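Here the structure is laid out as structure tokens; the discussion comes afterwards.
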DNA sequence: ACCTGAACACCGTTCAAGT
DNA sequence: ACCTGAACACCGTTCAAGT
């Protein structure tokens, strides 16, 4: 890549990151280009779809998230560790309004740039889920894909209720603790 | 209201209903006005915000949903009835792409037209939840507001994955059955 | 090879002019 | 009292012209 092209790429990425943080992933592409000091055509050249821009931003953060998952895999309490991982995902998604929605949509669209980003995230979650199940803290028959979708859905609910900072914790607790008092028992 | 004004109101409402069904609640307001055979200004006169239009459409369906909740309140199995109610909500929301998102947002905005619509829905859910709790099928300490938010969040996830028709059932089951094998027990 | 920005299409919203 | 639709602002996307 030519030196000026690379510089433009980096500038666009940096401006996209701040714009997505401040205004959500629906932020105006024209404004991102303008703030990066390039023409709108240059933005489209480097990032043909909005999703391309989103996944480039997201990818820059996946490594840090994965590092956190490795820490949690060594934590003493498997179930608490899993909960903490889901909390991390929700907290991260809250930084980029609109990201969780895109991630949910990407899950049913293999091969998309965003779904490639979320694959290692899913693998990390899978390890934490497995460990909690082996420890007997979480019942069998729970699919990591479903759990991620539900987590993203919770992130979306949290996005929608900015004035209730504890909603995330309550909904995750609801998910994890479950509604049934005695899961094995038949309906009352 | 003048006769022609009322007719315009009804036409706009009918077109909004079909547009929201076909294209989601982000449907173009200009198109709705055009298909209703009125000027765009007339739409804004009758429905000052998009939310006004949405809640008018929604309100027209609340009665039928409430009737269903009364049926379920008489069903033999309290927990199954509650699950069925949540399923009904998700299924309805899936008919209007974008509605569940608006409902989640409305929950933290008392007094909005949409939140007035969802209050009786919440009351209906509360009765079903209470009954399941009194029967011992659902643990105490579950808030109906949280449960509704989670249900709307699930509806949103389902919206995002149109090619996985069973996702709703799986996520609702996940919510209801819960993750913990033995809820009362400490972490493993 | 890459960049620019005018051009086109589309939408939301307001408001002066009409009946 | 109500309706109309032009007008304005804004955004996404493409592409011919430039370097």
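List the distances, in nm to one decimal, from the label point of residue B:21 to the label points of the same position in every other copy, shortest first, placing each label point 7 Å from Cα along the Cα-to-Cβ direction.
4.5
At 0.36 nm per residue, and after removing the present C-alpha to C-alpha distance, how many nm does the segment from residue B:74 to residue B:134 gain when stretched out fully?
20.2 nm
From the label point of residue B:88, set 7 Å from Cα along Cα→Cβ, how far away are the matching label points in the other copies, in nm, ordered shortest to longest?
Relative to the other copies, residue B:88 has label-point distances of 4.2 nm.
Which order do A:88, A:95 fall in if you start with the one that has the fewest other Cβ atoms within 10 Å?
Ascending number of Cβ neighbours within 10 Å: A:95, A:88.
Once you average over the residues of B:78-84, how many Cβ atoms of partner chains fall within 10 Å of each Cβ?
Average neighbour count from other chains, rounded to a whole number: 2.
Calculated FRET efficiency, residue B:110 and residue A:10, Cβ-Cβ r, R0 35 Å, to nearest 0.05?
0.20
Per DSSP H run of n ≥ 4, the term is -39500 (n - 2.57); total these for chain A, divide by its residue number, and report the mean residue ellipticity at 222 nm rounded to 500 deg cm²/dmol.
-24000 deg cm²/dmol, from helical runs alone.
Once Rh is set to the Kirkwood radius over Cα pairs, what Stokes-Einstein translational diffusion coefficient, in µm²/s, holds for segment B:1-48 at a temperature of 4 °C and a viscosity of 1.567 mPa s?
123
Taking Cα pairs under 8 Å and at least six residues apart, what relative contact order does segment B:1-48 come out at, in percent?
Answer for segment B:1-48 is 36 percent.
Would you mind getting me the FRET efficiency between residue A:31 and residue A:177? Use the beta-carbon distance for r and R0 = 30 Å, nearest 0.05.
Between residue A:31 and residue A:177 the formula returns 0.10.
For residue A:77, place a label point 7 Å from Cα along the Cα-to-Cβ direction in every copy; what are the distances to the other copies, in nm, shortest first?
Result, one decimal in nm: 3.3.
Any idea what the relative contact order of chain A is, in percent, if you count C-alpha pairs under 8 Å spaced at least 6 apart?
21
State the Cα centre-to-centre distance between segment A:1-75 and segment B:115-152 in whole Å.
Value for the Cα centre distance between the two parts: 41 Å.
Can you work out the FRET efficiency for the pair residue B:91 and residue B:49, with r the C-beta to C-beta distance and R0 = 35 Å, to the nearest 0.05?
Once the sixth-power term is evaluated, E becomes 0.85.
Could I have the simple spin-label model distance between residue B:144 and residue A:3, label points 7 Å from Cα toward Cβ, reported in nm to one decimal?
For the pair residue B:144/residue A:3, the computed spacing is 6.8 nm.
Values quoted throughout were computed directly from the atomic coordinates according to the rules given, and no laboratory measurement underlies them. In this text, all values refer to a predicted model and were calculated from it rather than measured experimentally. Cβ: placed from backbone, ideal geometry, glycine included. Neighbour counts: every protein chain shown.
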